[in-house]
Amino acid sequence: MLKKVRKAVFPVGGLGTRFLPATKAMPKEMLPVVDKPLIQYAVEEARDAGIEEFIFVTGRGKTIIEDHFDRSYELESVLSERSKEELLKELMDSVPNAGTVAYIRQQEPLGLGHAVWCAKRLVGNEPFAVILADDLILAKTPCLAQMTAAREGVGGGNMLAVMKVPHEHTSRYGILSPGKEEGALVEVEGLVEKPNPAFAPSDLAVIGRYILEPNIFPVLENQDRGAGNEIQLTDALSSLIGGDPFNGMKFEGTRFDCGDKIGFLEANIAFALSREDLGSDMKDIVTKFASNL
Ligand code: UTP
């Protein structure tokens with residue numbers, strides 16, 4: 001029987017240099033889109049996909065993330081005294097159940113592949129999800145839930161969220177060499193990290209949602225440094241091609257690169273427009289600015 005994806009890894013050990021100075025003392029995963037930190041969107045997406053255990057791979061200066069997912073008794077009692085029940089409930093709901101969260105340090109930011117490897121002992125011998133909080137996705141059905149559903153249809157294996165990017169941007173992403181396509185799924189025949197557009201095998205880019213089999217760990221253990229002198233997850237994944245089913249999934253939804261200033265600003269506008277409580281005011285603001293351009 002297909003093993004359920006029960007655990008998710010959240011690598012939050014990066015330095016976030018593209019977002020300095022905001023990220024000098026604050027992790028980029030705590031940047032709020034509208035009123036919620038990026039990492040909370042990621043955890044909620046995982047929960048919606050049936051994830052039961054949450055593993056954060058952190059680094060120095062990231063303890064604020066632990067506090068965010070903990071109870072805050074002072075705040076809770078003040079909200080309760082002031083009869084702010086709805087806010088209180090929202091706050092309580094955002095805290096994962098006791099015993100379901102684990103933190104492990106990536107002592108040096110050696111790359112995404114290394115961050116995932118750090119979670120090896122906590123993941124154990126079962127399939128798991130990886131979510132990069134700075135890739136925020138606005139979708140009717142959350143992206144990871146789309147992936148877990150699709151994975152059941154192909155009998156498990158590795159699955160990556162993919163999307164088409166402008167050809168001149170291939171050097172910013174892991175790019176897929178596509179095989180057979182069926183519906184939203186594309187067989188992965190090859191993977192290249194950040195190829196020059198002249199050599200890119202397609203315009204299909206891997207974005208920050210993965211479902212991986214645990215046999216990635218021994219590969220990561222011996223993985224040499226790749227692009228940017230970092231231990232790349234994409235490089236390790238490419239050595240698994242040809243084994244278990246390996247698919248890219250063209251998810252439904254819009255992805256925003258919130259590790260980048262423009263992507264982050266766009267996400268704030270899009271998420272505010274999509275909200276019942278803010279959409280109409282936000283539309284007026286956007287229209288006002290657009291008419292002055
Ligand atoms: P990025 O490529 O966005 O790197 O990492 P970064 O260091 O966070 O940001 P910039 O490029 O300097 O602005 C993609 C994801 O992988 C995590 C990051 O936290 C982010 O979620 N990551 C990256 C780690 O956890 N550890 C690393 O060593 C590198």
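Values quoted throughout were computed directly from the atomic coordinates according to the rules given, and no laboratory measurement underlies them. Computed from a predicted structure; not experimentally measured. For neighbour counting, all protein chains shown are included, and Cβ atoms are generated from backbone atoms with ideal geometry for every residue, glycine included.
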*Compute the distance in nm between two label points, each set 7 Å from the Cα along the Cα-to-Cβ direction, one at Gln107 and one at Glu189.*
4.3 nm
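Give me Ser274, Ser238, Ser291, Ser280 ranked fewest to most by other Cβ atoms within 10 Å of their Cβ, as a rough exposure proxy.
Numbers: Ser274 13, Ser238 22, Ser291 7, Ser280 10.
Final ranking by Cβ density, sparse to dense: Ser291, Ser280, Ser274, Ser238.
Per residue of the chain, what 222 nm ellipticity follows from adding -39500 (n - 2.57) for every DSSP H run with n ≥ 4, rounded to the nearest 500?
Numbers: 11 runs with 96 residues, N = 293.
Computed ellipticity for the chain at 222 nm equals -9000 deg cm²/dmol.
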*Among Met159, Gly174, Met249 - extreme Cα towards positive end, dipole of the range 152-293, charges at beta-carbon*: Gly174
*For Lys62, go through the lysines and keep the ones whose alpha-carbon is under 28 Å away, minus same-chain ones fewer than eight residues off.*
Lys7, Lys24, Lys28, Lys36, Lys89, Lys120, Lys194, Lys261
_Rg/Rh (Cα only; Kirkwood hydrodynamic radius) as it applies to the chain_ = 0.97
*Please list the helices of the chain that count as membrane-span-like by this rule: a mean Kyte-Doolittle hydropathy of at least 1.0 together with Cα atoms stretching 15 Å or more along the helix axis, each helix being a complete DSSP H run.*
261-274
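If one computes P(r) from the Cα atoms of the range 236-293, what percent of pairs lie at distances over 15 Å? Let's see the in-between values first.
Numbers: 1116 of 1653 pairs.
Result for the distance tail: 68 percent.
For a quick check: sort Arg71, Arg18 by the number of other beta carbons within 10 angstrom, fewest at the front.
Working: Arg71 12, Arg18 15.
Listing Arg71, Arg18 from fewest to most nearby Cβ atoms yields Arg71, Arg18.
Remind me, what semi-axes does the range 197-242 give for its equivalent ellipsoid, largest first in whole Å, using sqrt of 5 times each Cα gyration tensor eigenvalue?
On the way: eigenvalues 77, 42, 21 Å².
Three semi-axes, in Å: 20, 15, 10.
What does DSSP give for the chain in terms of the percent of beta bridges that are antiparallel, rounded to the nearest 5? Intermediate results must be reported in sequence, preceding the final value.
Numbers: 27 of 45 bridges.
If I count the DSSP bridges inside the chain, around 60 percent turn out antiparallel.
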_Signed unit charges on C-beta, dipole axis of the chain, positive-most listed residue Leu273, Pro197, Ile104_ = Pro197
*Evaluate the charge dipole of the chain about its Cα centre and quote only its size in Debye, nearest 20, assuming +1 on the Cβ of each Lys and Arg and -1 on the Cβ of each Asp and Glu.*
380 debye
_For the range 177-279: rounded, prolate or oblate by the Cα gyration tensor [a/c cutoff 1.5]_ = prolate
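Under 1.5 on a/c is rounded, so check that first for the range 1-121, then, if it is not, pick prolate when a/b is larger than b/c and oblate when it is not; a ≥ b ≥ c are the square roots of the alpha carbon gyration tensor eigenvalues. Let's see the in-between values first.
Details: a/c = 2.13, a/b = 1.27, b/c = 1.67.
The shape class here is oblate.
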*What nm value, rounded to one decimal, do you get for the distance between Ser171 and Thr17 when each label is placed 7 Å out toward the C-beta?*
1.6 nm
